[in-house]
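Report on the structure given below.
Each reported figure results from applying straightforward, stated rules to the coordinates on display, with no laboratory input. As the structure is a prediction and not an experimental result, all values here were calculated from the model. Ideal geometry is used to build each Cβ from the backbone, glycine not excepted, and the neighbour counts take in all protein chains shown.
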Ligand SMILES: [Zn+2]
């Protein structure tokens, strides 16, 4: 089958005009300039591109919209989330994940890194041995990569074996919520395996204060939750220092938020080849922070994008995240933000070859909108919506 549209968005956000795709067995096998006299399936005046990649979300919170509306600071929001989590059954969590998958699909996300809550048996406080949520599949073709979330101390033994059975990766909640000994045990038990890691890093002043001094409002919350504070020490250092000491600064790690980093820490992150995932709308809602992206770009630190959850961001659309960036950061080009949501994100997730050539039909979008030739990529980004996004793999698409 030969497919064409007026525009094709290539990696890096380059717009190609009048190109066609040759598709065999639902896979793109050739991309070439449109040839006269050949018969094409013409999609229209819009653009074909790869689906986007969301590198940080918590789909289980997809029914927790009301948490976004609550007033108060980050600490009270955190308390609200903990309280909300306590009211959810396994079925509620599953429903949230399915709702999030549906919204992600409708908003043009093909792959998403989803932080999966660890389920504990309510009676024994032991780890469930039954089927994990990661086994559940929805009717959507988008790909969910579950990263099991670790909070607090995990004792060696059965729990570690449970974790080792895990999926694509591990999410340590944060350097202020996971004891270094637990991080070390898990890194050691997964040594030699291709495991990806992600962690919220330097997200709040509370986190920094706690790691520096071992006290403050965050210490009070952890103690209240039954965490042994001495295990979260030694105190006196920074979030980045903690990660360096446990060996988590590597190209296999995605650092999320990174609101409060010193110059030297940024240099270290660059040297170690880590990826940084920004969730700009969530940073604004929860912390009132407009991230200084220039500092990352200046050093060549690869940036990818996440939406965070519906408990802090108004949608799970990565296009919305890109539009927010283009509207608030005059120094970012449409190509910069498109790369964050595609090429950089694919590298962060170790997905070689997330490119148009060789891609499956189900990973491709057609954006059914008017594209202005003056700035075609910007108009594609601003034209992408639930109404204009069409998945080429969908039954009625072709
Ligand atoms: Zn998060």
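Summary table below
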{"quantity": "Relative contact order (%) - criterion: Cα under 8 Å, at least six apart; region: segment 52-341", "calculated": "21"}
{"quantity": "Å³ per residue enclosed by the Cα convex hull of segment 1-116", "calculated": "153"}
{"quantity": "Three-way shape call for the chain based on the alpha-carbon gyration tensor, with the a/c threshold at 1.5", "calculated": "prolate"}
{"quantity": "Degrees between helix 180-189 axis and first principal axis of the chain (Cα, 0 to 90, nearest 10)", "calculated": "50"}
{"quantity": "Between segment 92-115 and segment 13-91, the alpha-carbon center distance in angstrom", "calculated": "9"}
{"quantity": "Antiparallel bridges, percent of DSSP beta bridges restricted to the chain (to nearest 5)", "calculated": "40"}
{"quantity": "Cα gyration tensor shape of segment 265-322, rounded if a/c is under 1.5, else prolate or oblate by comparing a/b with b/c", "calculated": "prolate"}
{"quantity": "Mean residue ellipticity (222 nm) of the chain, computed from DSSP H runs ≥ 4 via -39,500 (n - 2.57), nearest 500", "calculated": "-9500 deg cm²/dmol"}
{"quantity": "Cα Rg, Dmax, segment 1-62, angstrom units", "calculated": "14.9, 52"}
{"quantity": "Gaussian network model of the chain, Cα within-10 Å springs - most flexible of 171, 250, 282", "calculated": "250"}
{"quantity": "Within a Gaussian network of the chain (alpha carbon springs, distance under 10 Å), most fluctuating of 211, 249, 75", "calculated": "75"}
{"quantity": "Selected from 192, 300, 335 as most flexible by GNM, with the chain as the system and alpha-carbon contacts under 10 Å", "calculated": "192"}
{"quantity": "Sorted by Cβ density within 10 Å, fewest first, the residues 118, 101, 1", "calculated": "1, 118, 101"}
{"quantity": "Tensor-based shape of segment 330-398 (alpha-carbon gyration tensor, a/c under 1.5 rounded, otherwise prolate or oblate)", "calculated": "oblate"}
{"quantity": "Gyration tensor over alpha-carbon atoms, segment 168-217, equivalent ellipsoid semi-axes in Å", "calculated": "25, 12, 6"}
{"quantity": "Extension gain (nm, one decimal) between residue 374 and residue 90, 0.36 nm per residue minus Cα-Cα", "calculated": "97.2 nm"}
{"quantity": "Neighbour-count order for 342, 307, fewest beta carbons within 10 angstrom listed first", "calculated": "342, 307"}
{"quantity": "0 to 90° range, to nearest 10: angle between helix 318-328 axis and the chain longest Cα axis", "calculated": "90"}
